[in-house]
1. Among Lys72, Lys2, which is without any contact (Cβ under 8 Å) to a residue 24 or more places away in the chain, over 23 Å from Phe115 (Cα atoms) and not in a loop (DSSP other than H, G, I, E, B)?
2. Among the strands (runs of 3 or more DSSP E) confined wholly to region 106-192, which include 2 or more residues that are of a type outside the set (A, V, I, L, M) and under 22 Å from Gly44 (Cβ atoms)?
3. State all residues of region 229-256 that are of a type in the set (D, E, K, R) and either touching a residue at least 24 places away in the same chain (Cβ under 8 Å) or under 22 Å from Leu156 (Cα atoms) (or both); if no residue qualifies, say none.
4. Restricting attention to region 208-228, which residues are open to solvent by less than 40 Å² (accessible area, probe 1.4 Å) and within 16 Å of Leu155 (Cα to Cα)?
5. Any idea which residue in region 46-60 is surrounded by the most Cβ atoms within 10 Å (Cβ to Cβ), counting only those that are in contact with a Phe, Trp or Tyr (Cβ under 7 Å, 6 or more places away or on another chain) and either modelled with pLDDT under 95 or more than 17 Å from Pro99 (Cβ to Cβ) (or both)?
6. Could you check region 106-131 and list, in sequence order, the residues that are surrounded by 22 or more Cβ atoms within 10 Å (Cβ to Cβ), modelled with pLDDT of 95 or more and either closer than 18 Å to Gln11 by Cβ or among the basic types (Lys, Arg) (or both)?
7. Would region 206-221 turn up any residue that is among the hydrophobic types (A, V, I, L, M, F, W, C), outside any helix (DSSP H, G or I) and touching a Leu at 6+ places or on another chain (Cβ under 8 Å)?
8. Could you check region 87-105 and list, in sequence order, the residues that are open to solvent by 20 Å² or more (accessible area, probe 1.4 Å), part of a loop (DSSP other than H, G, I, E, B) and either farther than 25 Å from Ala55 by Cβ or touching a residue at least 60 places away in the same chain (Cβ under 8 Å) (or both)?
Amino acid sequence: MKVRPKKFLGQHFLKDRGVAERIVEALQLSDVTQQVVEIGPGTGVLTQFLVAKPAVDLQLVEIDRESVAYLKEHYPQLGTKITEGDFLELDLHTKFETPLLIIGNFPYNISSQIFFKILEHRNQVTQVVCMLQKEVADRIAEKPGSKTYGILSVLLQAYYDVTYLFKVPPGVFFPPPKVMSAVIRLTRNSRTQLGCDEALFKTVVKQAFQNRRKTLRNALKILNLPASLVSHPLMEKRAEQLEVEQFIFLTLQLEQSREAR
């Protein structure tokens with residue numbers, strides 16, 4: 001059975017076994033059996049290495065019916081552990097165990113949405129190893145002070161330690177994408193709470209980066225900043241210059257001023 005890559009699903013099948021093995025080996029596994037979910041396995045280039053690991057309780061989530069039929073034919077031992085569906089629409093709490101590890105060659109067109117879902121389930125998802133568009137990987141792993149540093153950088157780094165692993169050229173895919181790819185690993189850090197209102201934190205971060213050329217004083221003006229915050233030295237900076245802790249500080253100051261009104 002042959003599976004055709006589908007453009008509308010953003011499919012680019014990895015054909016290099018060496019790269020696939022490197023991605024799987026980047027998972028940091030313990031001796032205890034752990035549930036691992038592979039997103040978008042396609043024709044199983046990662047799956048073949050994952051099923052060989054005794055400490056992995058593997059689950060596959062694939063939206064493409066043709067790929068699902070292929071996987072069921074080639075990996076009959078997985079049986080009901082192959083789910084045909086959209087990962088973005090799954091209830092991870094009821095479907096999978098905790099802790100949960102995620103791996104996959106993420107479709108470029110929905111990679112950011114996958115990360116936002118992972119953030120929603122950050123107390124369940126302890127590790128992520130994924131390949132994605134290099135530009136997005138750069139953004140997620142970047143540190144403050146760079147123009148690449150952005151909303152996704154701050155939100156993910158608040159809860160995960162990000163390790164940039166290696167770059168992958170277009171030629172190892174079929175069909176080859178028009179961009180470079182990269183593999184990163186996210187490992188859940190020890191932060192259980194931000195210490196401020198999480199919804200307000202997201203608002204502050206998004207508002208700051210949507211106006212990244214402006215100083216924070218001007219970028220966040222729409223949030224009705226208290227006088228004490230307007231005059232704070234941090235407000236002279238731009239969004240890309242702030243670390244996660246400084247965004248938390250700003251949010252907390254704004255939150256406390258609102259409560260005092």
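The values are calculated or read from the model by the stated rules, or taken from the named source; none is laboratory data. Here the structure is a predicted model, which means the values were calculated and not measured. Note that each Cβ is placed from the backbone with ideal geometry, even for glycine, and that neighbours are counted across all protein chains shown. Side chains are part of the model used for accessible areas, which takes the heavy atoms of the whole protein and leaves out ligands, DNA and RNA. Shrake-Rupley method; radii C 1.70, N 1.55, O 1.52, S 1.80 Å.
1. None of the other options fit; the residue is Lys72.
2. Per the criteria, 125-133, 181-188.
3. Our first condition is that a residue be of a type in the set (D, E, K, R); within region 229-256, this holds for 236-238, 240, 243, 245, 255.
Correct list: Lys237, Arg238, Glu240, Glu243, Glu245, Glu255.
4. Of everything in region 208-228, those that are open to solvent by less than 40 Å² (accessible area, probe 1.4 Å) and within 16 Å of Leu155 (Cα to Cα) turn out to be Ala208, Phe209.
5. The residue in question is Thr47.
6. Cys130, Met131
7. yes
8. Start the filter on region 87-105 by keeping residues that are open to solvent by 20 Å² or more (accessible area, probe 1.4 Å), which leaves 88-91, 93-95, 97-99, 105.
Keeping just the survivors that are part of a loop (DSSP other than H, G, I, E, B) gives 90-91, 97-99.
Passing the criteria: Asp91, Glu97, Pro99.
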